[in-house]
Amino acid sequence: MKRAGTLIALTLALPALASCGLKPMYAGGGNGEISRGLASVDIPPIEGQAGWLVRNALRDRLGEPDGSARYRLDIRLDDQLEGLGLLTDDTIGRERRTLRARYQLVDTATGAILLDATEGSDAGIDVVSSEYATIAAEQTALENLARDVADRIVTRLALTLRKAS
């Protein structure tokens, strides 16, 4: 009897769920409005190694604009590496790498700033006795942070373009 009541409640709730206004962000796949908007974003070169990594990660996700970009994404990065834990011999035992991005999405036709935001991510790194291993860990952390920040930026851009449409 309890199952029948649950089934009736679900049946009555279905029309309400269908009319909630929820629509997929990437409706239409690669030909959808959001995908076309993301594909028309130009990313000027970003300074430094972190900038190169973030720009490449963004280009992988957004694709190359087809000549006439409708938007421009201006990005400034702040890459910090700081020592955290001191060992008994006064050497650093742990580091934290932080990558922050301040970015603006600019409509190239009007010059209007559609989005002004920041994203960031950080990673902990163990400092080991091998200097090579520590440098490799710092580099890997930077690569991972660049991908993470790029993912966050793309999500924010998609939400902005969805609201604008």
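Considering only DSSP beta bridges whose two residues both sit in the stretch 28-164, what percent are antiparallel, to the nearest 5? Of those bridges, close to 95 percent are antiparallel.
Relative contact order of the stretch 28-164: 24 percent, from C-alpha pairs under 8 Å at least 6 residues apart in sequence. Each pair of Cα atoms in the stretch 28-164 enters the Kirkwood radius, and Stokes-Einstein at 25 °C and 0.890 mPa s then converts it into a translational diffusion coefficient of 151 µm²/s. For residue 81 and residue 156, a Förster radius of 35 Å and the Cβ-Cβ distance give a FRET efficiency of 0.90, rounded to the nearest 0.05.
Between residue 8 and residue 64, the contour length at 0.36 nm per residue exceeds the alpha carbon distance by 15.1 nm.
Taken together, the values in this text are just the output of simple stated rules run on the coordinates, not laboratory data. Quantities reported herein were computed from a predicted structural model and do not represent experimental measurements. Every residue, glycine among them, receives a Cβ derived from its backbone with ideal geometry; neighbour counts consider all protein chains shown.
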